[in-house]
Amino acid sequence: MTIQAPDILIVGGTKDPSIGVLATAARRLDRAAVLLTFGDGTEPAITWSLADGAVALDGDPLVPRGAFLRQDVFSYKDSFAADRLDKSMAWHAAVTGACFSNADIRVLNRDMDWRTASKPIMLELARQQGLKVPETIVSNHQDEIVALHQQYPRIVKPVAGGAYCVELSDILDDPPWCSGVAPVPAIVQERLDYPEYRVYIVGDRLISFEVISEVIDYRTDRKSRITPLPPDFLPLSIQSGLLALAREVGIDFGAADFKTRTATDEICFLELNNQPMFAAHDRACNGALAEAIVEALAPPRINPQVRSVKSNGDDD
């Protein structure tokens with residue numbers, strides 16, 4: 001039996017491009033990595049003993065220095081089959097439970113607070129930190145939403161995430177209005193303009209990008225352009241406000257999105273995602289983003305030769 005003691009355990013779905021990007025960065029930095037991936041029917045065997053905190057992967061004890069943990073959203077994104085969603089949630093709950101319960105394993109967002117799950121709350125917290133935010137309401141009231149649409153262009157996005165941002169004008173007739181209300185409330189905001197800025201938080205570091213697209217949500221546009229920015233590009237007030245917001249809610253890994261209010265050139269905060277995709281942005285900066293994540297989870301070893309050791313039990 002072999003004790004697996006990698007520098008970093010990388011956990012996520014087999015179809016998640018960010019998982020592969022991170023594994024490649026670990027190899028570049030000479031960090032030993034173990035991948036725990038699931039979603040394609042070839043899942044590994046894992047056991048977590050709550051009595052002593054021991055974790056075994058495929059029968060061998062697993063003792064990583066750090067762990068990068070992502071819930072799989074790719075196995076079911078094109079199919080909302082309940083069993084696929086349940087499977088993703090079960091794996092995420094099991095592995096995050098094991099890693100977060102062990103204080104010796106470096107994990108990102110260990111102290112993250114529940115408010116990060118609410119986009120409207122994060123907008124308000126950002127405003128309190130001095131960041132500009134777009135005019136926003138959360139509503140399912142048809143009359144109020146239509147009245148806003150008549151003032152100036154708005155966008156709509158789901159309160160809890162999970163779907164793309166769209167123009168309000170494109171969907172005014174789509175909700176099944178019943179007695180003047182939609183089935184669920186949504187976020188309705190003033191429409192901001194490009195350039196858009198995505199700012200990754202990795203520990204105390206900010207890694208920023210400019211995004212240009214011809215559509216309202218650049219994630220739907222294969223022609224969108226992502227360009228890395230120098231560290232001092234964004235105003236210091238935005239950088240300090242964002243870091244203060246991240247510290248308040250316990251985020252040491254995430255991605256904040258900003259867009260521009262053209263009339264005043266103000267850069268407005270949109271959201272802070274605590275489980276962001278990063279493969280495309282990592283390509284744009286030649287791997288520097290993924291390397292920053294690896295270094296946060298697995299700093300250089302004092303003795304770089306120590307990677308994994310045989311136990312005193314059986315051989316392989």
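The values are calculated or read from the model by the stated rules, or taken from the named source; none is laboratory data. This is a predicted model, so every value here is computed, not measured. Counting neighbours? That spans all protein chains shown, and the Cβs are built from the backbone with ideal geometry, glycine included.
Note down all Cβ pairs under 8 Å where the first residue falls in the stretch 132-157 and is free of Cβ contacts under 8 Å to residues at least 40 places away in the same chain, the second is part of a helix (DSSP H, G or I) and charged (D, E, K, R), and they're at least six residues apart or on different chains.
Matching pairs, first to second residue: 157/119.
Would you mind finding the one in 232, 257 that is modelled with pLDDT of 95 or more, surrounded by fewer than 20 Cβ atoms within 10 Å (Cβ to Cβ) and in the same structural domain as residue 217 (by TED's automatic domain parsing)? Let's see the steps before the verdict.
Details: 232 fails: modelled with pLDDT of 95 or more.
Matching residue, one of 232, 257: 257.
Do we find that residue 200 is touching a residue at least 60 places away in the same chain (Cβ under 8 Å) and either part of a loop (DSSP other than H, G, I, E, B) or in the same structural domain as residue 251 (by TED's automatic domain parsing) (or both) in this structure?
Working: touching a residue at least 60 places away in the same chain (Cβ under 8 Å): yes; either part of a loop (DSSP other than H, G, I, E, B) or in the same structural domain as residue 251 (by TED's automatic domain parsing) (or both): yes.
Yes.
Could you list all residues from the stretch 160-193 that are hydrophobic (A, V, I, L, M, F, W, C), under 16 Å from residue 215 (Cβ atoms) and touching a residue at least 12 places away in the same chain (Cβ under 8 Å)? Give the steps one after another, and end with the answer.
Restricting attention to the stretch 160-193, the residues satisfying the condition of being hydrophobic (A, V, I, L, M, F, W, C) are 160, 163, 165-166, 168, 171-172, 177-178, 181-182, 184, 186-188, 192.
Cutting the leftovers down to under 16 Å from residue 215 (Cβ atoms) gives us 163, 165-166, 168, 171, 192.
165, 166, 168, 171, 192, listed by residue number.
Quick check: is even one residue across the stretch 75-83 aromatic (Phe, Trp, Tyr) and either buried (at least 21 other Cβ atoms within 10 Å of the Cβ) or within 24 Å of residue 294 (Cβ to Cβ) (or both)? Give the steps one after another, and end with the answer.
We begin by selecting, within the stretch 75-83, every residue aromatic (Phe, Trp, Tyr); these are 76, 80.
From what is left, the residues that are either buried (at least 21 other Cβ atoms within 10 Å of the Cβ) or within 24 Å of residue 294 (Cβ to Cβ) (or both) are none.
Within the stretch 75-83, none of the residues are aromatic (Phe, Trp, Tyr) and either buried (at least 21 other Cβ atoms within 10 Å of the Cβ) or within 24 Å of residue 294 (Cβ to Cβ) (or both).
Take residue 115 and decide whether it is within 22 Å of residue 245 (Cα to Cα), part of a loop (DSSP other than H, G, I, E, B) and either of a type in the set (D, E, K, R) or in contact (Cβ under 8 Å) with a residue 60 or more places away in the chain (or both). Working first, answer last.
Numbers: within 22 Å of residue 245 (Cα to Cα): yes; part of a loop (DSSP other than H, G, I, E, B): no; either of a type in the set (D, E, K, R) or in contact (Cβ under 8 Å) with a residue 60 or more places away in the chain (or both): yes.
Against the criterion (within 22 Å of residue 245 (Cα to Cα), part of a loop (DSSP other than H, G, I, E, B) and either of a type in the set (D, E, K, R) or in contact (Cβ under 8 Å) with a residue 60 or more places away in the chain (or both)), residue 115 does not qualify.
Considering each of 14, 24 in turn, give the residue that is surrounded by fewer than 17 Cβ atoms within 10 Å (Cβ to Cβ), touching a residue at least 24 places away in the same chain (Cβ under 8 Å) and polar (S, T, N, Q). Break it down stepwise before answering.
Values: 14 fails: surrounded by fewer than 17 Cβ atoms within 10 Å (Cβ to Cβ).
Sole residue among the options that is surrounded by fewer than 17 Cβ atoms within 10 Å (Cβ to Cβ), touching a residue at least 24 places away in the same chain (Cβ under 8 Å) and polar (S, T, N, Q): 24.
So, of the residues in the stretch 219-229 that are in contact with a strand residue (DSSP E or B) (Cβ under 7 Å, 6 or more places away or on another chain) and without any contact (Cβ under 8 Å) to a residue 24 or more places away in the chain, which turns out to be surrounded by the most Cβ atoms within 10 Å (Cβ to Cβ)? Full working, then the answer.
So the first thing to find is which residues in the stretch 219-229 are in contact with a strand residue (DSSP E or B) (Cβ under 7 Å, 6 or more places away or on another chain), and the list is 224-229.
Add one more test, that the residue is without any contact (Cβ under 8 Å) to a residue 24 or more places away in the chain, and what stays is 224-225.
Values: 224: 17, 225: 14.
Selected residue: 224.
Return the residue satisfying two criteria in turn: it lies in the stretch 139-171 and is in a loop (DSSP other than H, G, I, E, B) and modelled with pLDDT of 80 or more, and of such residues it is nearest to residue 187 (Cα to Cα). Lay out the reasoning, then the answer.
So in the stretch 139-171, the residues in a loop (DSSP other than H, G, I, E, B) come out as 152-153, 159-165.
From what's left, modelled with pLDDT of 80 or more: 152-153, 159, 165.
Numbers: 152: 16, 153: 14, 159: 6, 165: 10 Å.
So, considering only residues that are in a loop (DSSP other than H, G, I, E, B) and modelled with pLDDT of 80 or more, the one nearest to residue 187 (Cα to Cα) is 159.
Would you please name the residue that is nearest to the chain's Cα centre (by Cα), looking only at residues in the stretch 239-254 that are touching a residue at least 60 places away in the same chain (Cβ under 8 Å) and crowded, with 22+ Cβ neighbours inside 10 Å? Show your work before the answer.
We begin by selecting, within the stretch 239-254, every residue touching a residue at least 60 places away in the same chain (Cβ under 8 Å); these are 241-242, 244-245, 248-254.
Now drop any that are not crowded, with 22+ Cβ neighbours inside 10 Å, which leaves 242, 245, 251, 253-254.
Details: 242: 16, 245: 16, 251: 11, 253: 8, 254: 5 Å.
Applying the filter and picking the extreme gives 254.
Checking the conditions here, which among 171, 212, 207 is surrounded by fewer than 18 Cβ atoms within 10 Å (Cβ to Cβ), within 23 Å of the chain's Cα centre (by Cα) and more than 23 Å from residue 121 (Cα to Cα)? Working first, answer last.
On the way: 171 fails: within 23 Å of the chain's Cα centre (by Cα); 207 fails: surrounded by fewer than 18 Cβ atoms within 10 Å (Cβ to Cβ).
So the residue among 171, 212, 207 that is surrounded by fewer than 18 Cβ atoms within 10 Å (Cβ to Cβ), within 23 Å of the chain's Cα centre (by Cα) and more than 23 Å from residue 121 (Cα to Cα) is 212.
Looking at the stretch 203-213 only, could you name the residues that are in a strand (DSSP E or B) and touching a strand residue (DSSP E or B) at 6+ places or on another chain (Cβ under 9 Å)?
206, 207, 208, 209, 210, 211, 212, listed by residue number.
Restricting to the stretch 8-33, name every residue that is within 16 Å of the chain's Cα centre (by Cα) and either assigned to a strand (DSSP E or B) or at positive phi (or both).
10, 11, 12, 13
Taking the condition in contact with a His (Cβ under 9 Å, 6 or more places away or on another chain), under 19 Å from residue 258 (Cβ atoms), charged (D, E, K, R) and surrounded by 15 or more Cβ atoms within 10 Å (Cβ to Cβ), does residue 198 pass? Write out each step before concluding.
On the way: in contact with a His (Cβ under 9 Å, 6 or more places away or on another chain): yes; under 19 Å from residue 258 (Cβ atoms): yes; charged (D, E, K, R): yes; surrounded by 15 or more Cβ atoms within 10 Å (Cβ to Cβ): yes.
Here the answer is yes, as residue 198 does meet what is asked.
Based on what the data block shows, is residue 40 more than 19 Å from residue 6 (Cα to Cα), modelled with pLDDT under 90 and either in contact with a helix residue (DSSP H, G or I) (Cβ under 8 Å, 6 or more places away or on another chain) or of a type in the set (A, V, I, L, M, F, W, C) (or both)?
Working: more than 19 Å from residue 6 (Cα to Cα): yes; modelled with pLDDT under 90: yes; either in contact with a helix residue (DSSP H, G or I) (Cβ under 8 Å, 6 or more places away or on another chain) or of a type in the set (A, V, I, L, M, F, W, C) (or both): no.
Considered against the rule, which asks whether it is more than 19 Å from residue 6 (Cα to Cα), modelled with pLDDT under 90 and either in contact with a helix residue (DSSP H, G or I) (Cβ under 8 Å, 6 or more places away or on another chain) or of a type in the set (A, V, I, L, M, F, W, C) (or both), residue 40 comes out as no.
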